[in-house]
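Enquirer: Have a look at this one.
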Amino acid sequence: RTISSYTPSIKALGHARHRARATETEHGSLLIATMPTTPSNGDTRDSRKPSDLPGVVEEADWVVDAARHLPTQHLDLPSVRQVVGSLESCCIAHFACHGYTDQRDPSNSGLILQSCEAGMATQDRLTVRRVSELSLAGARLAYLSACSTAENKAARLADEVIHVVSGFQVAGFPHVVGCLWPSIDRVCVKVARRFYSSVLGQRSQGWDDRAVASSFREAVMAVRATETGKPLVWAQFVHYGA
């Protein structure tokens, strides 16, 4: 059986493996950041509001249930500042939100959160640049349930692996799950549910690298079996890491 995992570079793979060994015995907490609704970006030239993500609520419930033996912090509609502060102490970080890909500067791509000033909510983006500046000692797994987090649309930088997933690896997460193109809300729920039920169910036996990759493959193949002839529905989900 083949299990597909990816890496931005050989150097990044070596770094991920070193980090995986260093955190193999970590028993940290789970951070869940959810954005069931997303405000407009505050640009008067483009006031369109991103679509709601009703599946985010169900997805969070499944993740919390699977991780009931772990200390869990759930941030709903959080700001970048709140999330960055919580990333310092978590072992697993799960994001369920919209993703953004900057076609000119991939380091400005990121996860769309929100900030609230003067009683008005606006988009607050956790960018590749901001994530890459972090150095997270206890990080183990980042699950980015958001569109296009493993995509680089900048034509002049097409050979460079600069996207949200690689940013989280640089920050210290040896395992990162993301998407190569936009994903469907209901499918994200199915993949996350199956993945966490499998990988966290193996935690008492030790959480090795193969368990993460094999559990993720199992989750994606389960969705594939129910979406026959629709590769664009499930094939975008990818695992980066050791």
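Enquirer: Keeping to the range 67-117, report how many residues are among the small types (Gly, Ala, Ser) and crowded, with 22+ Cβ neighbours inside 10 Å.
Expert: Qualifying residue count for the region: 5.
Enquirer: Restrict the check to the range 147-157 and report whether at least one residue is under 23 Å from residue 55 (Cβ atoms), out of contact with any strand residue (DSSP E or B) (no Cβ under 6 Å at 6 or more places or on another chain) and surrounded by fewer than 24 Cβ atoms within 10 Å (Cβ to Cβ).
Expert: yes
Enquirer: Residues that are among the hydroxyl-bearing types (Ser, Thr, Tyr): find the helices (runs of 4 or more DSSP H) completely inside the range 180-242 holding 1 or more of those.
Expert: On the way: elements: 185-199, 209-226, 231-234.
Once the helices (runs of 4 or more DSSP H) in the range 180-242 are filtered for at least 1 residues that are among the hydroxyl-bearing types (Ser, Thr, Tyr), what remains is 185-199, 209-226.
Rule-based calculations on the coordinates, nothing more; no lab input. None of the values given here were measured: they were computed from a predicted structure. Here Cβ is always computed from backbone atoms with ideal geometry, including for glycine, and neighbour counts include all displayed protein chains.
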